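To start, the structure under review is shown below, and the notes come after it.
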């Protein structure tokens, strides 16, 4: 780096107007324009250099910034640094810090006349503060003619940090006008220099004057509160919560420190639990560890951290040493079998890269949930351990835990690892992959994997059901055709899926062919297939075939009866549905369930059988002991509303021990419009407007009710 051998020359003064006039009058326009153009180019060049200098400083390349400043002086003879150049260079000096270079810049500021600029003086204050030159800070500050807020705060902060708190207090007391930032600096300085009494007084004065505290003053006051100041500390904490500063890590740490200082572990943990884990920083863990290590003597008073305390700490901990200590305390305090604590420990050990420790915590956990499995699955997937990850995935499926979206995200990683390591050739592995892709609506990937993998009957059933469940029934039937011409024989599950496909698209011809295949290959004894055929024929419009299948079945279960009752309901044969129920009761072997009564009440509702529906509802409650659900209530309200029994429908809703959903009220509301019942319509409209936040449909239907009642003006006003 070039050093300053002498002070820089001052900037060139601009041309006076008289010179330009003289040039114009003497036909010397060209040289003058050349001079002006050169000045403009030099100014433009300086702006570019200043931009580069600022960019280097912002990106913490301070040494490069100082080299550039030296280059501007030594190499660019036509470009001289201005006050912006100087201020930026001073900031780079302070950040290094480089006092020697900064002193030369200070001299240049005086020589060039840039020192009166506030940003130059303030960066000089910052420089001497960073280099611990208190006397220079005071001298520069005293030379500032009109100090601004930054000047005051920098000077007072420097005095506080460099041991001149007494001088800072004197200057503060003499200040004619004290800005909020200056108050906060003084409070922080007093607390950091053990001037607690004075600091507390300043803090209180700020509050009485209505001035806003910042995170530094809050943190400094809280962290220095002990038992004798606990009452004041709690008041400060309440103010922190009110103003939202508890979500600043420094203030959170200070509040925790205060309660540990006062041996109040319960409130220390409660403060931690009140904020999100994203607020924590490295100091938070150290503060909690230091406090928790002393928790033993406080447990005698039945005080201690909660489950949430350990979850919060371990979930965001990436330091193995700290994590071990936190988990050890959790185990010691009896939280080892807490699912949430163990999940947090698995996450923590996974983050720290210790798979064995994560797996050990997982194995010891008795009550594993989806988060437990996902966490461990993610760990192995990220570590490229394909066989272990897939084994865990299969264990999860066998345990009865259903995958969620997070599982599927990790599952894609497992697929890549499985393929990479040649495990895709195992039929059990490929079936599991196809099933997972199907369940997450990724049928293109599922089918591609199915085509390239070895197949057994489970493979075919999986892809057929996948197409059906994802809304591709034709492709499902196409795969069934391919299965039938293969050397594999379908089972009852295969036909159950295929019949459901035919029912969903009302494909009677395909359904009959399946029925014939079932009869030819001795599957007719399967009750589940008979039930599926009843539903299929009903949806294809051939009710007589539904009844024929039912009568030919060897054994009928409750699903068989429900399917036949639903078939009658779908075809508007409400009376036959009721007769079917009576026959079911007469047989006695099969008891109706709630689905039976839903189908019956739906059949009565569609055909207006009020008396039969009332008898069925009473039978359901009194004879079979079922409480009406939303489906049952909806059917009854719809039936009574259609028949004009609006008051009875209202009583049905009020008399049952269930909170009716909005759909039930909308059903009754529509009936009010049809039968011009303004009293009930107004009641329901008020309820719906409160629960559905001014849904415009309420006003439309209420207006229609007024119109149906002949109140046209009111109808127009409601719209």
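Need one number: nm distance between label points at residue 356 and residue 48, each 7 Å from Cα along Cα→Cβ, rounded to one decimal.
Taking the simple label geometry, residue 356 and residue 48 are separated by 6.1 nm.
Quick one: 504, 158, fewest Cβ neighbours within 10 Å first, how do they rank?
On the way: 504 14, 158 25.
The most exposed by this proxy come first: 504, 158.
Fully extended, how many nm does the chain gain between residue 458 and residue 71 (0.36 nm per residue separation, minus their Cα-Cα distance)?
In short, 131.7 nm is gained.
Under a point spin-label approximation (7 Å from Cα along Cα-to-Cβ), what is the residue 166-residue 59 distance to one decimal in nm?
For residue 166 paired with residue 59, the spin-label model returns 4.8 nm.
For a Förster distance of 22 Å, can you work out the FRET efficiency between the beta-carbons of residue 621 and residue 661, rounded to the nearest 0.05?
Numbers: r = 19 Å, r/R0 = 0.88.
With a Förster radius of 22 Å, E is 0.70.
Mind running the shape call on the range 200-244? Use the C-alpha gyration tensor, a ≥ b ≥ c as the square roots of the eigenvalues: rounded below 1.5 for a/c, prolate if a/b tops b/c, oblate otherwise.
Taking the square roots of the gyration eigenvalues as a ≥ b ≥ c, the range 200-244 is prolate.
If I model a spin label at residue 243 and residue 427 as a point 7 Å from the Cα along the Cα→Cβ vector, what separation in nanometres do I get?
Computed distance between label sites residue 243 and residue 427 equals 7.2 nm.
For a footprinting-style exposure proxy, rank 82, 173 by other Cβ within 10 Å, fewest first.
Result, fewest neighbours first: 173, 82.
Return 195, 259, 624 ranked ascending by Cβ neighbour count within 10 Å, so the fewest neighbours appear first.
Least crowded to most crowded, the residues run 624, 195, 259.
Readers should treat all values here as calculations from the given coordinates under stated rules, not as data from a laboratory. These figures come from a predicted structure and were not determined experimentally. In this analysis, Cβ positions are derived from the backbone assuming ideal geometry, glycine residues included, and neighbour counts consider all displayed protein chains.
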